[in-house]
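Visitor: My structure is below; once you've seen it, I'll send some questions.
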Amino acid sequence: MKVKISLSVNGKSYERMVEPRTLLVHFLREELAMTGTHVGCDTSSCGACTVLLDDKALKSCTMLACQAEGHQVTTIEGMANGDNLHPLQQAFHEEHGLQCGFCTPGMIMNAADLLSNNANPTEHEIREALEGNFCRCTGYHNIIKSIQNAAAKMSAATV
Amino acid sequence: MTFIGKSIKRVEDKRFITGQGKYTDDIVLPQMTYARFVRSPHAHAEIRSVDISNAEKMPGVVKIFTGADVAEINGVPCGWQVDFINGETMKEPKHPLLVKDKAMHAGDAVAMVIAETYGQAKDAAEMIIVDYNPLPAVTDAKAAMEEGAPQVHPDVPGNLAFDWELGNAKDEVDAAIENAHHVTTLEFINNRVVPNAIEPRSAIGHFDTSNDKYTLYTSTQNPHLVRLLLCAFVLGIPEHKVRVVGPDVGGGFGSKIFHYTEEAMVIWGSNQIKRPIKWTAERSESFLTDAHGRDHRTKAQMAFDKDGKVLALKAHTYANMGAYLSTFAPAVPTYLHGTLLQGLYTTPLIHVHVNAVFTNTNAVDAYRGAGRPEATYLLERLMDTAALEMNMDPAELRFKNFIPKFNGVEEPGYQTQVALQYDSGDYHPVLKRALEMVGYENFRAEQKAALDSGKLLGIGFSTYIEACGIAPSAVVGALGARAGLFESAQVRVQPTGKVSVYSGSHSHGQGHETTFAQIVADRFGIPLEDVDIVHGDSDAVAFGMGTYGSRSLAVGGSAIVKSIDKVIEKGTKIAAHLLEASEEDLEFAEGKWTVKGTDKSVSFGDVSLTSYVPHNYPEGLEPGLDFSSFYDPANFTYPFGAHVAIVEVEKETGKTTLKRFIAVDDVGNVINPMIVDGQIHGGLAQGIGQALCEGTIYDDSGQLVNGSYMDYVMPRADDLPQFEIDRTVTPCPHNPLGVKGAGEAGCIGSTPAVVNAVMDALSPYGIYDVQMPITSEKIWNILNDDSGETEE
Ligand code: FES
Ligand code: FES
């Protein structure tokens with residue numbers, strides 16, 4: 001038995017039939033072939049699957065695809081504007097905020113939420129905000145710097 | 001134009017920051033099926049029967065395999081043989097692809113269910129009825145050797161895989177300890193940790209009926225090694241009929257070196273059902289089956305004279321192997337651990353003895369550092385404890401015992417008591433620099449002031465050496481390795497002067513696509529964009545031994561340099577012909593050959609084009625500009641460093657906060673400082689994690705009770721400070737780049753530094769020995785233990 005869902009992902013509308021038990025993350029990865037959103041755990045602990053749901057960071061493994069009915073989802077694939085990288089993407093590159101890259105999409109999406117609520121977070125605030133995202137490669141050091149760098153870029157762009 | 005020593009931004013970043021990385025689980029093949037493994041819930045159990053009749057009828061099921069179906073197939077092999085001290089052969093019980101009669105650890109695979117979707121495979125797996133007869137289990141290595149302990153493998157009496165010793169005569173070491181002015185003795189557990197790369201392991205097997213070729217996509221650190229083991233040892237299929245691809249891999253830290261049963265099952269199964277099969281671990285499966293790290297139970301003694309000079313060191317370790325010998329497992333507690341017990345010190349007498357023991361737990365193998373963190377922990381805990389006992393300054397005690405500076409050029413290097421010969425080293429400056437950075441001269445006063453106001457501050461030191469750039473094939477062969485540990489590289493100059501490099505190293509976060517390109521662009525004097533690094537595909541790359549043991553740059557990079565040299569040598573012949581000059585009169589720099597003392601020159605691009613359009617060409621010279629090389633290192637490389645941790649322990653809660661972490665590492669020459677720093681950061685976090693929060697917990701029945709990200713505690717962003725790092729540079733004298741390797745350093749030095757710092761903080765209470773991980777619960781219990789002397 002499948003159910004119909006319609007939702008918007010990265011500004012584009014999709015209508016699909018899915019099994020009711022399909023998680024949002026599996027819908028994105030398998031139905032829409034958007035594999036930038038990753039699965040790192042089975043306990044909603046790692047944050048590799050983080051996307052924006054109506055501009056709020058959400059672990060897409062904690063939600064059924066059918067619960068996203070009518071919502072707007074943004075994934076890592078929707079962050080750049082054509083060839084123009086989002087300031088967070090640019091900053092992760094400049095500050096070497098990624099190594100294997102597996103946690104990176106989730107980190108960037110979570111940071112996007114943080115910066116939309118707090119344009120100029122302290123190191124402490126950044127660390128607290130990343131509490132739900134594991135990175136096993138970077139020791140977080142350069143991720144912190146990346147987010148600080150992006151915050152500076154974004155506030156410079158808004159003045 | 002030089003690219004060496006520059007923090008060039010990584011060329012691989014773009015695909016990862018835009019969500020276009022291609023990890024194994026991202027790959028979808030036509031007609032693909034999905035596999036789910038049924039795993040034993042018991043750590044030790046007889047399997048009386050496996051009933052798949054209901055499961056087979058479930059929707060979407062394609063095929064179910066059980067232990068009986070693969071009983072005739074070989075198991076996954078061990079790649080390193082360490083025999084008993086008495087010469088007896090190492091015990092090497094079969095590690096079957098699926099177990100048939102007996103499960104040896106919780107997570108042992110009993111059946112494989114293949115279905116049209118993963119959900120269907122999971123549903124069907126639930127319907128398989130396995131009749132288990134649970135048996136008593138043993139999870140601790142020491143307990144497993146005791147009389148009456150449960151027997152893991154019927155044919156391995158006493159559960160002993162092998163025992164091993166190294167160093168000076170035991171009597172001599174014992175005598176020195178007996179007669180010493182002071183002896184420090186510690187017994188400790190080097191806790192078992194889970195590597196936990198954030199990408200779970202994944203494998204896709206594809207048998208192509210059109211040409212009888214197999215393709216395995218797998219999250220591996222060494223595709224060629226997996227191919228070799230899979231073909232030659234497990235399935236007996238011809239190697240040239242198998243392609244192994246390690247696409248983007250989301251971290252490894254050792255756990256993705258090894259050849260796993262699931263890889264063999266998807267390949268074998270894909271031929272049985274003539275369709276591709278994908279398996280991706282769920283995190284709870286990763287906890288049960290990704291090879292774990294460490295798990296040593298050690299007693300060690302260090303003897304000193306009255307001035308604090310180390311006279312002797314003796315160590316005995318029970319090393320937990322888990323239920324099966326994983327690919328490199330026997331090497332870890334032996335040749336990567338015992339051989340490092342010289343440390344940075346002039347200790348004249350050393351003896352180490354290891355018992356490698358089977359238990360009903362998941363296999364233990366190399367995890368970031370592999371043996372060297374265990375050796376460093378042993379030495380550095382002893383050092384700080386000895387300093388405390390002898391009332392000496394811990395930094396001073398180390399300075400006193402450091403091996404004097406040597407560069408390996410004017411002298412042959414430093415011969416240790418435990419087989420290795422260090423290549424080059426200059427140990428005083430790293431510790432000196434670390435002390436400067438930490439502001440040591442003021443620290444003790446700050447600590448005292450803090451204590452007076454009720455705060456427990458502590459400082460901990462660690463100095464370490466590691467053996468990297470693994471490894472000279474003949475040497476490791478003599479030590480039991482069943483493989484060579486060289487690396488291969490092909491440098492193909494395209495007709496237009498663009499360069500494709502095929503490397504046998506594998507990048508899973510290390511940034512090879514940038515660092516290797518820097519070397520090539522630098523040596524050829526061409527733009528970085530003109531170089532492309534290809535790796536991870538056994539059909540594209542001639543051969544490779546992969547990435548582990550901090551070997552990629554020292555061994556893989558050196559192989560690239562060898563091929564570069566061959567290109568330049570041949571290019572010089574072509575240039576000489578074009579310039580109508582003799583080769584001796586030419587010099588190659590900045591992308592062109594110039595006749596010395598003139599402005600006559602020919603560019604790299606012109607020479608490469610000529611080599612492919614050889615109209616006006618040296619007689620007898622083959623066309624083309626494409627060279628392969630194999631590089632077998634002359635020795636290991638020996639990076640070293642000094643780490644210092646400052647912690648605060650909160651009395652009320654027992655919580656340890658890492659206030660500062662200072663790391664001064666010497667990894668030889670540095671190609672890309674940004675990437676090296678990143679490697680250090682990541683290693684530090686993992687080493688700190690082992691000290692403060694990580695560690696498996698097995699209950700008496702052999703269940704891994706903290707087998708999920710909810711239960712197993714790893715450092716999160718708010719558990720760590722920004723790191724303070726610096727380096728000194730002592731070039732490696734025996735490889736062309738002078739590099740030593742940086743991947744594991746952070747993880748090797750940091751663990752004892754943190755533990756030593758906590759012990760220093762607790763020293764006012766007379767506490768100097770707490771086992772890792774040092775959780776707040778442990779400290780709180782100790783501080784609140786009313787039976788002890790710890791009351792305020
Ligand atoms: S996959 Fe969603 S939190 Fe780990
Ligand atoms: S970059 Fe590998 S997990 Fe974060």
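Just so you know, all these numbers are worked out from the coordinates, no wet-lab data involved. All figures in this text were calculated on a predicted structure; none of them were measured in a lab. Cβ coordinates were reconstructed from backbone atoms using ideal geometry, including for glycine residues, and neighbour counts include every protein chain displayed.
Visitor: Through the Karplus equation 6.51 cos²θ - 1.76 cosθ + 1.60, θ set to phi - 60°, convert the phi angles of the range A:9-16 into ³J(HN,Hα) values in whole Hz; use x for Gly and Pro.
Guide: Per residue, the Karplus-derived 3J(HN,Hα) values read 10, 6, x, 10, 8, 10, 10, 9 Hz.
Visitor: Specify which residue in the list A:Tyr14, B:Ala471, B:Ile277 is farthest towards the positive end of the charge dipole of the protein assembly as shown, using unit charges on the beta carbon of Lys, Arg (+1) and Asp, Glu (-1), about the Cα centre.
Guide: Farthest towards the positive pole: A:Tyr14.
Visitor: Going through the cross-link list B:Lys600/B:Lys740; B:Lys57/B:Lys274; B:Lys256/B:Lys562; B:Lys566/B:Lys600; B:Lys14/B:Lys256; B:Lys405/B:Lys448, which pairs have a Cα-Cα distance over 30 Å in this structure?
Guide: Pairs exceeding 30 Å: B:Lys600/B:Lys740; B:Lys405/B:Lys448.
Visitor: Separate question: By how many degrees, between 0 and 90 and to the nearest 10, does the Cα long axis of helix A:104-117 differ from the longest principal axis of chain A?
Guide: So the helix axis and the longest Cα principal axis differ by about 70 degrees.
Visitor: Oh, and also: Counting only other chains, and only Cβ atoms inside 10 Å, what mean value do you get across the residues of A:100-111?
Guide: Counting Cβ atoms of other protein chains within 10 Å of each residue's Cβ and averaging gives 6.
Visitor: Excluding residues fewer than 8 places away in the same chain, name every one of the aspartates and glutamates whose C-alpha is closer than 18 Å to that of B:Lys596.
Guide: Those aspartates and glutamates meeting the cut-off are B:Glu569, B:Glu580, B:Glu583, B:Glu584, B:Asp585, B:Glu587.
Visitor: Work from the charge dipole of chain B (Cβ charges, +1 for Lys and Arg, -1 for Asp and Glu, about the Cα centre) and give the residue of B:Gly641, B:Phe516, B:Tyr324 farthest towards its positive end.
Guide: Result: B:Phe516.
Visitor: Considering only B:Ser558, B:His615, B:Gly605, whose Cα is most displaced toward the positive end of the charge dipole of the range B:486-631, charges sitting on Cβ of Lys, Arg (+1) and Asp, Glu (-1)?
Guide: Value: B:Ser558.
Visitor: For the range A:126-159 and the range B:144-209, write down the distance between their C-alpha centroids in whole Å.
Guide: Answer, in whole Å: 40.
Visitor: About the Cα centre, and with charges only on the beta carbon of Lys, Arg (+1) and Asp, Glu (-1), how big is the dipole of the range A:50-159? Nearest 20 debye, please.
Guide: Value, rounded to 20: 200 debye.
Visitor: Which of the GluC sites (Glu not before Pro) found in the range B:338-437 are loop residues per DSSP with 15 or fewer other Cβ atoms within 10 Å of their Cβ?
Guide: B:Glu410
Visitor: For chain B, return all DSSP H helices satisfying: extent of Cα atoms along own axis at least 15 Å; mean Kyte-Doolittle hydropathy at least 1.0.
Guide: B:745-762
Visitor: Further, regarding this structure: Is the shape of the protein assembly as shown best called rounded, prolate or oblate, per the rule: a/c under 1.5 gives rounded, else a/b larger than b/c gives prolate, else oblate, with a ≥ b ≥ c the square roots of the Cα gyration tensor eigenvalues?
Guide: Since a/c stays below 1.5, the shape of the protein assembly as shown is classed as rounded.
Visitor: Treat every Asp and Glu Cβ in chain B as -1 and every Lys and Arg Cβ as +1, leave all other atoms uncharged, and give the resulting dipole magnitude about the Cα centre to the nearest 20 debye.
Guide: For this selection, approximately 1400 debye.
Visitor: Let me ask another. Between their Cα atoms, which of B:Lys6/B:Lys432; A:Lys4/B:Lys278; B:Lys170/B:Lys299; B:Lys63/B:Lys122 are more than 20 Å away from each other?
Guide: B:Lys6/B:Lys432; A:Lys4/B:Lys278
Visitor: Arranged from highest to lowest average of other beta-carbon atoms within 10 Å per residue, in what order do the peptides A:95-103, B:422-430, B:736-744 appear?
Guide: Going from most to least packed, we get A:95-103, B:736-744, B:422-430.
Visitor: Cα centroid distance between the range B:489-538 and the range B:745-774, in Å?
Guide: For the range B:489-538 versus the range B:745-774, the Cα centre distance is 43 Å.
Visitor: How would the range B:60-212 be classified by its alpha-carbon gyration tensor: rounded, prolate or oblate, with rounded meaning a/c under 1.5 and the a/b versus b/c comparison settling the rest?
Guide: prolate
Visitor: Could you work out, residue by residue across A:31-39, how many beta carbons of other chains sit within 10 Å of that residue's beta carbon, and then give the average as an integer?
Guide: 4
Visitor: Does the range A:72-123 come out rounded, prolate or oblate by the C-alpha gyration tensor, with a ≥ b ≥ c the root eigenvalues, rounded set by a/c under 1.5 and, if not, prolate when a/b is larger than b/c and oblate if not?
Guide: It is rounded, given that a/c, with a ≥ b ≥ c, falls under 1.5.
Visitor: For chain A, report the % of Cα-Cα distances exceeding 21 Å.
Guide: Above the 21 Å cut-off, chain A has 43 percent of its Cα pairs.
Visitor: Other chains' Cβ within 10 Å of A:88-97 residues: what's the mean?
Guide: 4
Visitor: Cross-link list A:Lys59/A:Lys153; A:Lys145/B:Lys659; A:Lys145/B:Lys498: which exceed 23 angstrom alpha carbon to alpha carbon?
Guide: Result: A:Lys59/A:Lys153; A:Lys145/B:Lys498 exceed 23 Å.
Visitor: Sticking with this one: Taking the range B:1-72, which GluC sites (Glu not before Pro) meet the DSSP loop condition and have no more than 11 other C-beta atoms within 10 Å?
Guide: Loop-located and lightly packed - B:Glu72.
Visitor: If you don't mind, there's one more thing I want to ask. Using the Cα centre of the range B:486-631 as the reference point, and only Cβ charges (+1 on K/R, -1 on D/E), how large is the resulting charge dipole? Debye, rounded to the nearest 20.
Guide: Rounded to the nearest 20 debye, it is 240 debye.
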